[in-house]
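This report refers to the structure that appears directly beneath it.
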Amino acid sequence: MIEYSVQKLAKISGVSVRTLHHYDQIGLLKPKVRTEAGYRLYGEEELLRLQQILFYKTLAYPLKDIASILDDPQFDLIASLSKQKTALNEQKQNLETLINTINKTIFNLKNKKMLDHEELYEGLPKEKAKAYR
């Protein structure tokens, strides 16, 4: 059984020690054990939970919602990962569309042409596109 200290977990996950302490304080990510000296040690289950926290944060979920999701007795890690993968693939596609729109705009501006008005806003949410016009 491998256990990670706060420092080690912070290093491998890319979050700060302070963040891990905060997650512990709010009950979002409790260590597997606390040594008699008060050191926090994390196991595999906690590593997977932290991964979930970070994926949900990437998807812009507030910490309170993340806690509710992860603490739900019906929570299914594999189903959650599948949903996150789908959401991230959608974001990836949206970003690719936006990058394409930027590339077309740059190309047309360099060639002193104007894009079709619909193409100018390709990939942007329609409500934002209307506001930009």
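The values are calculated or read from the model by the stated rules, or taken from the named source; none is laboratory data. Because the structure is predicted, anything quoted here is derived from the model rather than measured. Glycine gets a Cβ as well: all are built from the backbone with ideal geometry, and neighbour counts include every protein chain shown. Just so you know, the surface numbers come from the protein's heavy atoms only, side chains and all, with ligands and any DNA or RNA stripped out. Shrake-Rupley method; radii C 1.70, N 1.55, O 1.52, S 1.80 Å.
Here are the numbers for this structure:
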| item | result |
| --- | --- |
| Conditions (1) surrounded by 11 or more Cβ atoms within 10 Å (Cβ to Cβ); (2) in a helix (DSSP H, G or I); (3) not basic (Lys, Arg); number of the one not met by LEU29 | (2) |
| Of all residues in segment 88-118 being part of a helix (DSSP H, G or I) and either at positive phi or open to solvent by less than 60 Å² (accessible area, probe 1.4 Å) (or both), the one that is modelled with the highest pLDDT | LEU88 |
| Count of segment 33-56 residues which are farther than 18 Å from ALA67 by Cβ and either assigned to a loop (DSSP other than H, G, I, E, B) or of a type in the set (A, V, I, L, M) (or both) | 8 |
| Residue match in segment 91-112 (condition: under 24 Å from SER13 (Cβ atoms) and not aliphatic (A, V, I, L, M)) | yes |
| Single unsatisfied condition, ALA67 versus (1) open to solvent by 90 Å² or more (accessible area, probe 1.4 Å); (2) in contact with a Leu (Cβ under 7 Å, 6 or more places away or on another chain) | (1) |
| Selection count where residues are out of contact with any helix residue (DSSP H, G or I) (no Cβ under 7 Å at 6 or more places or on another chain) and over 24 Å from TYR61 (Cβ atoms), scope segment 5-38 | 9 |
| Neighbours by Cβ (under 8 Å, 6+ apart or cross-chain): first from segment 44-64, open to solvent by 60 Å² or more (accessible area, probe 1.4 Å); second modelled with pLDDT of 95 or more and not in a helix (DSSP H, G or I) | GLU45/LYS32 |
| Search result, residues across segment 70-85 that are of a type outside the set (S, T, N, Q), loosely packed, with under 14 Cβ neighbours inside 10 Å and part of a helix (DSSP H, G or I) | ASP71, LEU77, ILE78, ALA79, LYS83, LYS85 |
| Verdict on LEU9 being out of contact with any Phe, Trp or Tyr (no Cβ under 9 Å at 6 or more places or on another chain) and of a type outside the set (Asp, Glu) | no |
| Answer residue from segment 1-26, given it is over 15 Å from ILE66 (Cα atoms) and not in a helix (DSSP H, G or I) and is farthest from the chain's Cα centre (by Cα) among those | MET1 |
